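Have a look at the structure below before the remarks.
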Amino acid sequence: MVLRLEQGPAAGEKVAARVSRGVPWPEVSIGAGLRIRGRLAVLARHESHLRRRAVHAALVVTGASATGTRRGGPAGALDAVRSRAERALGTGLQPPEAALLRGMVLGQDERIPEAVREDFRRSGLAHLLAVSGQNVMLLAALALPVAAALGLGLRGRLLVVLALIVLYVPLAGAGPSIQRAGVMGAAGIVAGLAGRPASRWYAVLLAGVATLAANPLAAGDPGWQLSFAAVVALLLWAPPLHAGLRRAGLPGPVAGAAALTLAATIGTAPLMAAHFGRLSPASLPANLIAAPAVAPCMWLGMASAALGQALPGAAALLNALNAPLLAFLQQVAAVAARAPHATVELRLGSAWTVAAAYAALAVASLSVARAARHGRPRRGAIGPAAALLVAAALVLLASSATEAERVAPGELVVSFLDVGQGDATLLRTSRSAVLVDTGPPAGPILRRLREAGVGGLDALVLSHASADHLGGAAEVLRAHPAALVLDGDPWSRSALHARAMEAARRGGARVVTASAGQELALGALRLRVLWPPARASSGPPPGADPNDSAVVALVRHAGLDVLLPADAESGVLRRLALGPVDVLKVAHHGSADPGLPALLGALRPRVAAIGVGADNTYGHPAPATTAALLTVPRVLRTDRDGTVTLRASGAGLAISTDP
C-alpha cells in the first residue's frame, strides 16, 4: 500500500505502509479516509521496487482508525464504481474464484491465494492476472458490437470505446501495463476517428513516451519492460509465425493462439531470465489449452462489473455462467505448474547479457526475413529490430536489479526467512540453493523464495513433521522442484507430510531419510547431519517427543559455521560435543531451555537468530531465553527484524534485515 502523507516531516511525499503485526486495521471500503500513526523507516531491500513509484521511505504503522470521511470529486466517483464492480464480481462465487475474477478484470490480485498465483506463474499464465493490452482489446471487442446493436454509427462506436478505455485504465489500477495498453488503444481509436490508418509502431512509441512522461522511473519496472517487450515481439514475429503455422497445416484459431504465445514468450524470455531467473516451457501448451476460455471469462467478468453498477442480480447470473470457466483456468494452471520441468532455471546476470540475447534474436529474425524473401533483406524489419536492441539495452541499464543483490562467487548467503511462527532457512551460493524447513501451512514461504530470486532447489531438508516446519513443503516442492529431499521423519502419518512426499515424488526428487553422518556437498558448501542417529525401521518409540528427533545440521562454507538445530534443544545438543560456531539458529523458536546458558558457553556464537512469529500464543521467545542470549553479540528475531540475511565472504560477515 502506498500512502501520501498529509502531516509530519515528509508531508506531501509518498511512503509505503508497512503494517506491524497485531495492529488492528479498520474494515473500510475503497476511498474511505484513514488516520494512520507510525514512524518513518528506510525501505527494505525487497521494497526497492517502490522507488520506481516515487516512494522513498516506509511508514511502520502502529495505529490506524477510520475518519468517517471519503474522497470526493472524480476520484470519489471512481471509488464508488470500483466498489460496485468488486461486489458484483464476487456475487455468488466462492472466495477463490471471486479473487481470481477480480484479478483478471480489475487487476486486484491481493486476495488470490499465494499457491494459486504461483501455479499461474509456473504455467506461464500469470499474464491473465495482470490487466494489460489483452483486457483493452477484449473490452473493445465486447463494446463495439453492443454499440452497433444500439444503432450507433462508426464514429459513435469509436467514441464509446474511447470513453470506456479512459474509464477502465484508472479502474484497473493504472499500472504500467494497462497505461501502455490504454494509450495504444486510445491512439488507435483517435486514428480511426480521424479517418487515417493507425501506425502500430507510432502507437508503441507514443505509449512509451506517455508512460515515461507520467513516471520516468517506470523504465526500471519489470512489468513495464515485459509489457513493451511483449508488444514489440507480437508486432515483429506473430504475423510470420502465424503464416508459418498455417502453412504447416494448423487450424487458424490454433495457429493464431500459438503464434501469439510463441512471439510473446520469445520476446520476454531474456527479461524473464534477468528478473526472475527462470523460464516456463509449460507456457505454450498451457496457453493453448486455456485460450478458448480466456475471452469468454473476461467478457462475462466485464459484463458482470458493468451490470453490477445498477443490477447486482444480473451480475450473479453472469458469475454463475463464469464459475466453470474460472475453475477450468485454475485447473489448467495447476496441472501445467506440476508438470516435470514446468519451469527451468536460467539467469542472465547483467544488462549486457540481456542486450546480447536481444541482439541474437534480432539477427535471427532478420535472417528468417531474408530467407522468406529468397535472400532479399526485409528492409522494413531492420528499423524495428534495431529499435528493439537499443531499447532493451537502455531500459535494462535503468533497471534497479543490481549485481549486489545476487550471490557472488565464493559467497554464502544465509537467510532466516520471516514465515511467521515457524522455521525456514535458505542457504545460497552462486550455484546452489538449499532450503531447511518451510514454515507453517499457508505461510508466506513462496513469497519469501521469490523475493530471494530462488528458481529450483538443489535440496530441501525437512527437519521433522511439525506443521510449523513442513507446513509449506508441498507448495514449495510444486513451485521449486528439488533434486533431493532429506526427510527427518519418514514415519510421520500427518497429512502435511503425505502431501509433501507426494509433491516430491511428482517432482522427481530423490527422498532420503536423514541420519547422523550424512553430508550434502554442493561446491564449497557443506551441510552435515549431526542428529538423529540412524534408527530402526519402526522409527522413534511411541510417545517420544518429536522435537528430540529433529534434524540437527551444521553448515560450513569458507570458514563460516552455522548450526541449525530445528526444535532440538540443549538436552539433545549437549550429546553432540559441539565446538564454537559463528551463527546459531536458536532452537524451538526461543522456548524456555534450562540448558541454554551452558550451551551458549560452549558454542560462543557471534550471531543468534530466532525464527518466531509476532504475537504468538506460546510466549516465544521465553524471557529466560532472551536473558541467556544477552551474552551473544548480535541477536536477531524474525518477528521484529523480518527476514534476517547474512552474507559471508572473504570480506567478512554482513548482516541485513527486511522488517
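No lab work stands behind these numbers, since they all come straight from the coordinates. What you are looking at is a predicted structure, and each value in this text was computed from that prediction instead of being measured. With ideal geometry, Cβ positions are generated from the backbone for all residues, glycine too; neighbour counts draw on all protein chains shown.
Just rank 572, 461, 363, fewest to most, by other beta-carbon atoms within 10 angstrom.
Values: 572 22, 461 26, 363 12.
Taking fewest neighbouring Cβ atoms as first place, the list is 363, 572, 461.
Note down the magnitude of the dipole of the range 412-658 about its Cα centre, charges +1 on Lys and Arg C-beta and -1 on Asp and Glu C-beta and zero elsewhere, to the nearest 20 debye.
Values: 24 positive and 22 negative charges, 134 e Å.
The dipole magnitude comes to about 640 debye.
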For this session: Taking the Cβ of residue 519 as the centre, find all other residues whose Cβ is under 10 Å away and add up their charges (Lys, Arg: +1; Asp, Glu: -1).
Result: +3
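Can you check what the net charge comes to around residue 412, using other residues whose Cβ is under 10 Å from the Cβ of residue 412 (Lys, Arg +1; Asp, Glu -1)?
Details: positive: 428, 556, 647; negative: 411.
Residues close to residue 412 contribute a combined charge of +2.
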Exercise. Taking 0.36 nm per intervening residue step and subtracting the Cα-Cα distance, what contour gain separates residue 37 from residue 149 on full extension?
Worked result: 35.0 nm
Exercise. If you find the alpha carbon centre of the range 451-510 and of the range 224-295, how far apart are they in angstrom?
Worked result: 32
Exercise. Which FRET efficiency value, to the nearest 0.05, do you get for residue 250 and residue 630 by plugging their Cβ-Cβ distance into 1/(1 + (r/R0)^6) with R0 = 45 Å?
Worked result: 0.05
For this session: Order these peptides, 545-552, 436-443, 300-307, by their mean beta-carbon neighbour count within 10 angstrom, highest first.
Result: 436-443, 300-307, 545-552
Seminar exercise, completed: Interchain or sequence-distant (5+) residues whose placed amide H lies within less than 5 Å of the amide H of residue 433 are 458, 459
For this session: Starting with the highest mean, order 232-238, 334-340 by the number of other Cβ atoms within 10 Å, averaged over the residues of each peptide.
Result: 232-238, 334-340
